[in-house]
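Comments concern the structure below.
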Amino acid sequence: MLSPSLGGVDSVVYGLGTLGMLVGVAVVWWLLRDDTLDAAAGRFRTLMIVPAFAALSYALMTAGVGVFSVGGYEVEGARYLDWLVTTPVLVAYAGHVVDVDRSVVLGAAGLDAVMILTGFVATTTAGTLRWAAFGVSSLAFVLMLYVMFVQFPRRANTETPERRRLFLRLRNQVGVLWLLYPVIWLASPVGFGLVSTLGTAMLVTFMGVAAKVPYTWVVHEHRGIFRHERLDDGVVDGTDAGGAETPVATAD
Ligand code: RET
């Protein structure tokens, strides 16, 4: 399990991935430290899991920990552990932004976890089982996208224009970027071998940083929606029973 069997260049790639993830940690750290923001409403502590856990996983991959070989392929155990922990958080957080019913959020996060676990089975087995697992993983992926694209907007309980805008940014990023993962898997040595192990490491690391760090940055850009309610109180001054969630105009 602990055989540091990959060459030095992979470690350089994963080292850069670790640094990239630390940028995401810094972004969420700012959010947590900004006392004009309601950290409980923003759930920034939960969001922090994403870059922090990924940084840890990339540090492990840099050190060659958790690499094992199955049927002649090198498999990065830490990568799947990273995905298993962080991708459900990315999915659930998008739902949190527009206050989607808990059961629906858990459904999407659960499908995501099934996608990663069966993807791991596909990576570590051979023959029919491998392709069956790939099929189940892809199906879970499609169902998860259906829940995010169709059910999340339907079950949103808080839909100010600002929250909706942030939700759409995060959800569309998931919908577009993530489609590349099964394609990379198929092209990698585990799939049809069109891309080398090093090439796969570079693609997946680049994608990992691209899927996680801009996500935290987009939340940071829209942080105004998580301002403390009390800051608005003086302005609104109880004129209307209509809503504590009165939209506030923003510049973007
Ligand atoms: C696998 C192979 C089996 C079929 C499918 C896959 C999808 C993986 C995805 C991963 C997303 C990872 C992210 C990581 C962030 O750092 C497991 C590759 C459908 C969608 C966003």
Checklist entry - With respect to the numbered conditions (1) within 15 Å of the ligand (Cβ to nearest atom); (2) crowded, with 19+ Cβ neighbours inside 10 Å, which one is the sole condition not fulfilled by Phe44? => result (1)
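Determine, yes or no, whether Trp217 is part of a helix (DSSP H, G or I), closer than 15 Å to Val75 by Cβ and either among the hydrophobic types (A, V, I, L, M, F, W, C) or at pLDDT 95 or above (or both). Outline the logic, then answer.
On the way: part of a helix (DSSP H, G or I): yes; closer than 15 Å to Val75 by Cβ: no; either among the hydrophobic types (A, V, I, L, M, F, W, C) or at pLDDT 95 or above (or both): yes.
No: the conditions fail for Trp217.
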Checklist entry - Any idea which of (1) open to solvent by 20 Å² or more (accessible area, probe 1.4 Å); (2) within 12 Å of the ligand (Cβ to nearest atom); (3) of a type in the set (Gly, Ala, Ser); (4) farther than 21 Å from Gly17 by Cβ is the one Gly193 doesn't satisfy? => result (2)
Item to check | Output for the stretch 206-229, where each listed residue is away from the ligand (no atom under 14 Å from the Cβ) and out of contact with any strand residue (DSSP E or B) (no Cβ under 8 Å at 6 or more places or on another chain) | outcome: Trp217, Val218, Val219, His220, Glu221, His222, Gly224, Ile225, Glu229
Checklist entry - Is there a residue being modelled with pLDDT under 95, part of a loop (DSSP other than H, G, I, E, B), surrounded by fewer than 22 Cβ atoms within 10 Å (Cβ to Cβ) and away from the ligand (no atom under 12 Å from the Cβ) anywhere in the stretch 127-146? => result no
Checklist outcome for this item: For Ser11, the lone unmet condition from (1) open to solvent by 20 Å² or more (accessible area, probe 1.4 Å); (2) outside any helix (DSSP H, G or I) is (2)
Item to check | Filtered residues of the stretch 145-181 (kept if among the aromatic types (Phe, Trp, Tyr) and in contact (Cβ under 8 Å) with a residue 12 or more places away in the chain) | outcome: Phe149, Phe152, Phe167, Trp178, Tyr181
Item to check | Residue count, the stretch 49-61 (criterion: surrounded by 19 or more Cβ atoms within 10 Å (Cβ to Cβ) and over 22 Å from Gly110 (Cβ atoms)) | outcome: 5
Item to check | Qualifying positions in the stretch 72-84 - near the ligand (Cβ under 9 Å from one of its atoms) and either among the hydroxyl-bearing types (Ser, Thr, Tyr) or not in a helix (DSSP H, G or I) (or both) | outcome: Tyr80
Checklist outcome for this item: Only one of Leu198, Leu180, Leu203 is more than 9 Å from the ligand (Cβ to nearest atom), open to solvent by 20 Å² or more (accessible area, probe 1.4 Å) and at pLDDT 95 or above, namely Leu203
Checklist entry - What single numbered condition from (1) near the ligand (Cβ under 10 Å from one of its atoms); (2) over 17 Å from Phe149 (Cβ atoms); (3) open to solvent by less than 50 Å² (accessible area, probe 1.4 Å) fails to hold for Thr87? => result (2)
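Just name the residue that is most open to solvent (accessible area, probe 1.4 Å) out of those in the stretch 147-177 that are β-branched (Val, Ile, Thr) and within 12 Å of the ligand (Cβ to nearest atom).
Narrowing the stretch 147-177 to residues β-branched (Val, Ile, Thr): 147, 150, 158, 160, 174, 176.
Next, from what is left, pick out any that are within 12 Å of the ligand (Cβ to nearest atom): 174, 176.
Working: Val174: 2, Val176: 105 Å².
Looking at the filtered set, the residue picked out is Val176.
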Checklist outcome for this item: Being within 24 Å of Val213 (Cβ to Cβ), within 19 Å of the chain's Cα centre (by Cα), away from the ligand (no atom under 14 Å from the Cβ) and touching a residue at least 24 places away in the same chain (Cβ under 8 Å) narrows Gly95, Gly107 down to just Gly95
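The values are calculated or read from the model by the stated rules, or taken from the named source; none is laboratory data. Computed from a predicted model, the values in this text were never measured in an experiment. So basically every Cβ, Gly included, is an ideal-geometry build from the backbone, and we count neighbours across all protein chains shown. Ligands, DNA and RNA are excluded from the accessible area calculation, which covers all protein heavy atoms including side chains. Shrake-Rupley method; radii C 1.70, N 1.55, O 1.52, S 1.80 Å.
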